[in-house]
Every structure is written in C-alpha cells, then in structure tokens.
C-alpha cells in the first residue's frame, strides 16, 4: 500500500512532464531579414536568415543562414542545423523535395506560407 502512495504521484508527475514536452515547439521561419516584419523567404534552404520562436511567439534567436550559397547539400545541412536547435516546425514559402524528405526523417513538421515572419509564426501556432 505504501508503494502505491509513492508510485501514483510519481507516475502522474512523469505523465505531466511528458505532455508538457510534447506541447512545446520551436518554430523556425526562413526569412529575408532578421526582424519579425521581414518577408518569409521563398525557398527554405536558400533563405538569408532563420528566425526561431518559441510556442508563445517569442523570438529566441535569428541565425544568418551559413548554407545559403552552398554548392550542394544545403537542405540537409539546414535540417541538421535547425533540428540541432530543437526546431519542431519550419515555415518557408516553398521547400525542395530533399528538404522535405530530411524534415520528415527528423520528425520536423513544415508549413508553406507567404507573408511576414510575424504572420507566419501566428499561422504555425494554430
């Protein structure tokens, strides 16, 4: 009986932590500039910046895309960079097939959007 009093609260704590972690997401928006008023980039892997937001829409960081002018493998390098930052959703004007396959293999969701970064974040939060 004593074990039950210890196990039940412990299980409830673990379930609540797991559900909280599942609800948290990081949104990366490919952008032409480094501000929320910038336009969403037309092609994800070749964007100028990636702006990373938390699930509440708070800007966490803006990263200049180091693979923008890469001769090859830009999409896989971008996928690795963003997944390493804990990104769970990527928003861009369009995605190449290699980028989509890489995101799917890493469990990253994606959304095609045209407009401002701020509006893209609102759309991704829905």
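The values are calculated or read from the model by the stated rules, or taken from the named source; none is laboratory data. What you are looking at is a predicted structure, and each value in this text was computed from that prediction instead of being measured. In this analysis, Cβ positions are derived from the backbone assuming ideal geometry, glycine residues included, and neighbour counts consider all displayed protein chains.
Within region 108-117, is even one residue modelled with pLDDT of 95 or more, surrounded by 16 or more Cβ atoms within 10 Å (Cβ to Cβ) and closer than 16 Å to residue 34 by Cα?
Yes, that holds for at least one residue.
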Restricting attention to region 53-71, which residues are in contact with a helix residue (DSSP H, G or I) (Cβ under 8 Å, 6 or more places away or on another chain), under 12 Å from residue 27 (Cβ atoms) and in a strand (DSSP E or B)? 53
Of the criteria (1) modelled with pLDDT under 95; (2) within 15 Å of residue 45 (Cβ to Cβ); (3) surrounded by 14 or more Cβ atoms within 10 Å (Cβ to Cβ), which one residue 55 fails: (2)
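Matching residues to (1) surrounded by 12 or more Cβ atoms within 10 Å (Cβ to Cβ); (2) more than 17 Å from the chain's Cα centre (by Cα); (3) modelled with pLDDT of 95 or more; (4) closer than 14 Å to residue 117 by Cα:
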site	(1), (2), (3), (4)
4	no, yes, no, no
10	no, yes, no, no
25	yes, no, no, no
36	yes, no, yes, yes
47	yes, no, yes, yes
71	no, yes, no, no
82	yes, no, yes, no
95	yes, no, yes, no
99	yes, no, yes, no
For residues that are closer than 18 Å to residue 73 by Cβ and out of contact with any strand residue (DSSP E or B) (no Cβ under 9 Å at 6 or more places or on another chain), tally how many sit in region 96-121. 7
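For region 79-102, how many residues meet the condition of being part of a helix (DSSP H, G or I) and within 26 Å of residue 37 (Cβ to Cβ)?
Matching residues across region 79-102 total 3.
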